[in-house]
Amino acid sequence: MIAKPHRHRLTVRYRAYGLTLSCTEPIQELARTSPPEAEAETDLHIVFSHPDEPIPFPSDWHLTISLTDGTPWMQCAQIPPGYLLHFPTLASFVFNTSNHSIHCMPEKNIPLHTLHHLLLDQVLPLVLNYRGKEALHGSAVETPYGACAFIGVTGTGKSTLAASFCSAGHSVITDDCVVLDTRQDTIVVTPAYPSLRLWDDAIATLFGTTESCTPVAHYTSKQRF
């Protein structure tokens with residue numbers, strides 16, 4: 001059984017995808033909130049659990065997303081607290097729909113940056129969809145005419161294209177997940193968090209150095225710029 005989050009454990013607060021997150025451990029990829037955002041109501045409680053914590057695995061998965069070679073990448077099932085998102089050999093995440101929490105449970109010896117990547121770039125976009133947001137697979141940049149989004153399947157160069165705009169002086173609004181909302185008669189793009197995930201050659205070509213980069217996950221050579 002997954003324990004409910006305790007308020008006294010929630011010590012670090014962040015802003016991402018238009019949500020205020022309260023976390024039991026720091027997430028290095030995010031910038032901490034400052035007033036007045038620091039006093040905003042929490043939208044999601046992020047609880048990092050021990051690898052040995054029992055996971056309520058279902059008897060059947062209602063959704064499996066596989067890699068091109070047929071290997072299961074993500075499995076999803078509805079369980080009593082809400083939903084279980086399982087990344088085989090990497091981590092599992094329980095989204096509790098009643099108390100708006102996400103329990104993050106890594107497999108043994110999985111590095112923190114891999115767990116953070118799965119949470120930020122895989123799980124949160126699905127939670128946003130559940131909450132009624134339009135979350136598209138793409139990147140977006142700021143232009144004098146408004147936001148410009150690049151939507152496409154994995155590997156088509158969305159992040160590299162956004163990075164090329166960044167190297168030309170345009171701010172990157174989001175990478176890999178474009179969250180759309182409406183304000184009066186206008187469609188707006190919600191900022192994600194300040195990061196681009198790029199291959200080394202793209203970073204070197206566009207920015208000249210990879211010194212300020214950090215690894216995305218242990219299973220990919222992409223860097224977080």
In degrees, nearest 10, range 0 to 90: what is the angle between the Cα axis of helix 158-167 and the longest Cα principal axis of the chain?
-> 50
Pairs of lysines in the chain (C-alpha under 29 Å apart; 8 or more residues apart or interchain) = 6
Estimated FRET transfer efficiency (R32, S164; beta-carbon r; R0 41 Å; 0.05) = 0.90
Excluding the sites themselves, what is the longest stretch of the chain that contains no GluC sites (Glu not before Pro) in a DSSP loop with at most 10 other C-beta atoms within 10 Å?
-> 42-210
Between the range 129-192 and the range 50-83, the Cα center-to-center distance that results, in Å | 28
Which percentage, to the nearest 5, of the DSSP beta bridges contained in the chain is antiparallel?
-> 85
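Please say if the range 79-130 is rounded, prolate or oblate, where rounded means a/c under 1.5 for a ≥ b ≥ c the square roots of the C-alpha gyration tensor eigenvalues, and otherwise the choice is prolate for a/b larger than b/c and oblate otherwise? All intermediate terms of the calculation are to be shown ahead of the outcome.
Values: a/c = 2.22, a/b = 1.56, b/c = 1.42.
Here the range 79-130 falls in the prolate category.
Can you show me the helix-derived [θ] at 222 nm for the chain, built from DSSP H runs with n ≥ 4 at -39,500 (n - 2.57) apiece and divided by the number of residues, rounded to the nearest 500.
Working: 4 runs with 32 residues, N = 225.
That comes out to -4000 deg cm²/dmol.
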If R0 = 45 Å, then N109 and D185, at their Cβ-Cβ distance, give a FRET efficiency to the nearest 0.05 of 0.30
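What's the long-distance tail for the range 18-107, i.e. % of Cα pairs beyond 18 Å? Spell out each step's value before the answer.
Numbers: 2116 of 4005 pairs.
Pairs farther apart than 18 Å: 53 percent.
Taken together, the values in this text are just the output of simple stated rules run on the coordinates, not laboratory data. Since we're looking at a predicted model, the values are computed, not measured. As a convention, Cβ positions derive from the backbone with ideal geometry for all residues, glycine included, and neighbour counts pool all protein chains shown.
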